[in-house]
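What follows is a short report on a single structure.
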């Protein structure tokens, strides 16, 4: 081993031949006598120095779903630094740590640099695809030929398209166009893996099936429930910016089974037993009602003002007059009257006195009490009802649409919709579009009221062999990111032709026949991205500001344009002819290259902002494309408070529904379609409620795969604050600072177990352990940590890549993972009412053994 | 003038943005040989038993001490400096920054030892991966490529995926995302055989900008400025709030101060 300089110097000094050996210091010359030490502390001026030259260029981060408006510092055509767009009203000019990883991701040496072709027909995990580089033209030709084979055989529906990360505007040129014009009803978004079950809460109570906004500037009591918005979920920079103010002026409560970042900084941490959130929410509602803490302005009051909500007692419906809500007394009678803190304490493991204390704090601050519910309270079998129960608390405290409360989406700036595809859909396409062979949404046992269950696709494909002959997927990695991950390996190894548009040789790419290298759109793509937070909706640009170092192309615009031209050249012109309608709004010209098409699409979409004839509501007018590129974003007007009050909620009753007539209608319609009862639907879909209970927020006992005897630990999955979805693990900086996830260890992947359990099992920190569930097993390091409850173990999602790159894996060539992927042990199951995939709620039992 | 920093732990959420901004700004390389090369890092600590568990984070960096043992221990290079000239690689600037001149550094690493810096380690072990230890001074070993990740010519899939060296060449910089600041004592990319450490972003602060870690903090937990200016924000905060410094008992008189509590439950 080579001696370090230090070792060398010391070794030399020890043998009294200091510096001997011919180093740069020429130590063989006599040494001058050092000047006295005190002089060494006399300050001396440092030589002048100047910051790097460059310019800030507006862009949009897509590292999580907030899609923050950002700026990249571009220096000599290179992306070097990142900050929030300084005019952003959502992030105040800051990015969370994810944003700073954009240059690292852009310049990841393990990116796919050219299109690839598989030469090994064998497919499977750990089987080398033996990829070889090919030209873009060869790749697009191969894809077009396979697509036309399907069309010529009259079976375009055997093409399956699956969308991963996307741009909310450009997606219409792929996800919104290809299935219709080519002709397949087999197309899916990744959304069902994300957080769709949580939308059932606001959706079934107030008719808003979307992500809420929170008035963090004014709220006096923030309840973060099943999410950790200092780290993930949404509006992370805004939350980091405001959190300390709320802690200082009010009360912050964190409901999370593991010690999250928010829990570490909250006044109250409620480490609820996974999946029992409905019991806790019910008890909080019970206390708010029995102690008279509900908000009269929103909810109303008893006719004679006397509170009849007494534990265990039924209340007559006609004694209470509701204002903006509907069904409060029904909810009380069906569910809440027996949901005492003592009952909940037994179910959810939170002491009754803490439940009382928290309910009182929420009531005291009402209506400036914001309950921020995240996927952890919803993404599980039966999660719809927990989502309803948690969100309904906002109704009780009257925080809906008020200052300091919980808001719907503000209206955003106007954008141009791409033209209709109608004229380009032929008979073959029309027929193919009606085929849904792989989509279980709407099946009797999968009402899927919110989303198509993409994670059920492998199960449907196994049931219908031959239904799919070709798969195209963009910016996805279901073999890593979806529960029951191994099912994706099995199914994709049998697909005859798979085209993957992706940045890195991911797990999913290992099954691809053609890999098309994608751009990182924050630094390399064109698009307009929309979102909202902090009371404003906005549109923000991505504008390909750097010199691309790879041959990647934007999947929704550039690749699609090339593919459309190729299909046209081979006799199917419909897609290309449709794309010709998307013209540069300034010149009226159609694109003549893929990059031009990408830019024109961004210009087309955003033209109503920068070519507005009259001033728009919101930001000051922006005149012209150049001005829009320079500013990079436009906000709509600030959110209007109480916009749904006065009977304008988009529910069946037009009120905030504690008894969901909206769910009753949807479920009844679904039952009718299958000529059965709602109770039958609930039974086959795995819910415990029957009758009217099914239409109020209520507690359903958690479903668990694996008995406690065989699988004694309940597994808790959560997200890293450094996850740019499942993609940043190949960055050395991700690994270096993994420790910023509480309890985690840099350059590693640990499962966290309570020390009391460790003592019982004779396990200690640093032990290699195997985690086994009904779905599979992974081997990781153990960390004993007081941030988890005995009987549960927690592990962050993200690591465990067996492909993707050389940093993310232990050995890329041999497919050896770094750590273990949670999705290999999480069972594939669903909240069937919404169609969302289960990830949380303790639905997977595991056992831990020394590896 | 005496530059210093206050970190408000009640604002800090331990997100890591400051550490990334520091790596970005200063082009620090990846960890190897017990050297983190993180000029900004974190101490992390969990205590108490479930459910009364608390978790705390303390962002750390060079303390730019008034009594810097690193300068005392630095052998410097008297010969290269010339007779009667300042010869220490580590020195104080008139602004109070503990600065490093690589030309006078012999790469001995004495400044990393217990006697050289109570906040550093010659070789970090596993404890630094959990936030138990850290080092504010890192050593670039003699004859080691200072940016090995970007000099590496190997690929995951030859011909199909790239290499660090190829990306750097195509991007046109030794480090593709290189933040190419000019001049100064410490260089934008260090050579081998020298130590490296935080300069309080001298290339920025000497030009009226805030240090990178201060500028990017989403909760504005870091306040940087002249502690001798009674009107500066840092002076006012230090006057108003109870503050502490790391390892005060060592007598190094750090210029990085902490106020506030990370957890309201602590």
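The values are calculated or read from the model by the stated rules, or taken from the named source; none is laboratory data. Note that the coordinates shown come from a computational prediction; the quantities given were computed from them, not determined experimentally. Note that each Cβ is placed from the backbone with ideal geometry, even for glycine, and that neighbours are counted across all protein chains shown.
For this structure, a couple of remarks:
- Matching residues in the range A:354-409 - criterion: being within 23 Å of the chain's Cα centre (by Cα) and on the phi > 0 side of the Ramachandran plot: A:382
- The criterion of being assigned to a helix (DSSP H, G or I) and over 30 Å from residue A:333 (Cα atoms) holds for residue A:735.
- Count of residues meeting criterion [facing chain A (nearest Cβ under 9 Å) and part of a loop (DSSP other than H, G, I, E, B)] in the range B:38-66: 7
- Whichever residue in the range B:78-95 is at the interface with another protein chain (Cβ under 8 Å from one of its Cβ atoms) and buried (at least 20 other Cβ atoms within 10 Å of the Cβ) and, among such residues, is farthest from residue B:39 (Cα to Cα): B:87
- Scan the range A:725-737 for residues that are at the interface with chain B (Cβ under 8 Å from one of its Cβ atoms), in contact (Cβ under 8 Å) with a residue 12 or more places away in the chain and crowded, with 20+ Cβ neighbours inside 10 Å and the total you get is 2.
- Verdict on residue B:128 being over 27 Å from residue B:225 (Cβ atoms), without any contact (Cβ under 8 Å) to a residue 12 or more places away in the chain and facing chain A (nearest Cβ under 9 Å): no
- Residue check, residue B:118 modelled with pLDDT under 95 and either outside any loop (DSSP other than H, G, I, E, B) or touching a helix residue (DSSP H, G or I) at 6+ places or on another chain (Cβ under 8 Å) (or both): no
- Subset of the range B:129-143 [buried (at least 17 other Cβ atoms within 10 Å of the Cβ) and part of a loop (DSSP other than H, G, I, E, B)]: B:130, B:131, B:133, B:134, B:135, B:136, B:141, B:142
- Those strands (runs of 3 or more DSSP E) of the range A:743-791 in which at least 1 residues are modelled with pLDDT of 95 or more, surrounded by fewer than 19 Cβ atoms within 10 Å (Cβ to Cβ) and within 12 Å of chain B (Cβ to nearest Cβ), considering only elements entirely within it, cover A:777-784.
Each row is one residue, and each column tells you yes or no for (1) surrounded by 19 or more Cβ atoms within 10 Å (Cβ to Cβ); (2) without any contact (Cβ under 8 Å) to a residue 40 or more places away in the chain; (3) assigned by TED's automatic domain parsing to the domain that holds residue A:298; (4) in a loop (DSSP other than H, G, I, E, B).
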| position | (1), (2), (3), (4) |
| --- | --- |
| A:398 | yes, no, yes, yes |
| A:403 | no, no, yes, yes |
| A:429 | yes, no, no, no |
| A:432 | yes, no, no, no |
| A:439 | yes, no, no, yes |
| A:450 | yes, no, no, yes |
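- Test set (1) under 16 Å from the mean Cα position of the chain (by Cα); (2) free of Cβ contacts under 8 Å to residues at least 60 places away in the same chain - residue B:59 fails condition number: (2)
- Residues located in the range B:100-109, provided they are touching a helix residue (DSSP H, G or I) at 6+ places or on another chain (Cβ under 9 Å) and surrounded by fewer than 22 Cβ atoms within 10 Å (Cβ to Cβ): B:103
- Restricting A:42, A:87, A:70, A:102 to those that are at pLDDT below 95, more than 7 Å from every other protein chain (Cβ to nearest Cβ) and either outside any helix (DSSP H, G or I) or under 26 Å from residue A:530 (Cα atoms) (or both) reduces the list to A:42.
- Some residue of the range A:116-124 being at the interface with chain B (Cβ under 9 Å from one of its Cβ atoms), farther than 30 Å from residue A:230 by Cα and at pLDDT 95 or above: yes
- Residue, nearest to the other protein chains (Cβ to nearest Cβ), within the range A:793-804, restricted to residues that are touching a helix residue (DSSP H, G or I) at 6+ places or on another chain (Cβ under 9 Å) and at negative phi: A:803
Here's the yes/no breakdown for (1) part of a helix (DSSP H, G or I); (2) at pLDDT below 95; (3) surrounded by 22 or more Cβ atoms within 10 Å (Cβ to Cβ):
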site: A:600; (1), (2), (3): yes, no, yes
site: A:608; (1), (2), (3): yes, no, no
site: A:613; (1), (2), (3): no, yes, no
site: A:629; (1), (2), (3): yes, no, no
site: A:640; (1), (2), (3): no, no, no
site: A:667; (1), (2), (3): yes, no, yes
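- Across the range A:265-308, the number of residues qualifying as within 30 Å of residue B:15 (Cβ to Cβ) and assigned to a loop (DSSP other than H, G, I, E, B) comes to 9.
- Top-ranked residue in the range A:105-115 [being in contact with a helix residue (DSSP H, G or I) (Cβ under 7 Å, 6 or more places away or on another chain) and farther than 23 Å from residue A:83 by Cα; ranked as farthest from the other protein chains (Cβ to nearest Cβ)]: A:115
- Residues that are under 30 Å from residue A:201 (Cβ atoms) and in contact with a strand residue (DSSP E or B) (Cβ under 9 Å, 6 or more places away or on another chain) are absent from the range A:587-600.
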